[in-house]
1. What ranking, highest mean first, results for peptides 89-97, 77-85 when packing means the other Cβ atoms within 10 Å averaged over each residue?
2. If the chain between residue 102 and residue 66 were fully stretched, how many nm would it gain, using 0.36 nm times the residue separation less the Cα-Cα distance?
3. How much FRET efficiency would the formula 1/(1 + (r/R0)^6) give for residue 45 and residue 20, where r is the Cβ-Cβ distance and R0 is 35 Å, rounded to 0.05?
């Protein structure tokens, strides 16, 4: 036993300091980019029916949670963090999709006029 408590001799505990501003801005930029991409996909993909929107919402939420578990911005990898990050990304992407819907109107698949 060493003088550091339960740490084996020769190993010192690693201290992780607060993240730098550059690292935090990088994470925020990655999160906003993910929200924008998912929001644009929701805008293009979701149709006007209620069943279509509900099914798409469940599917997209599940995919985002799984994506956050494997490739999440938050560390360490755990289901609680993945669910939290996935819910926040989904909420942001729905906001982006709604902004696109309000500014551009419903997405028209290949229609050239009325």
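Computed from the coordinates by the stated procedures, all read-outs in this text should not be read as laboratory data. If you're wondering where the values come from, they're calculated on a predicted model, not measured in any experiment. Cβ: placed from backbone, ideal geometry, glycine included. Neighbour counts: every protein chain shown.
1. With the highest mean Cβ count within 10 Å placed first, the list reads 89-97, 77-85.
2. 10.1 nm
3. Given R0 = 35 Å and the Cβ-Cβ separation, E is 0.40.
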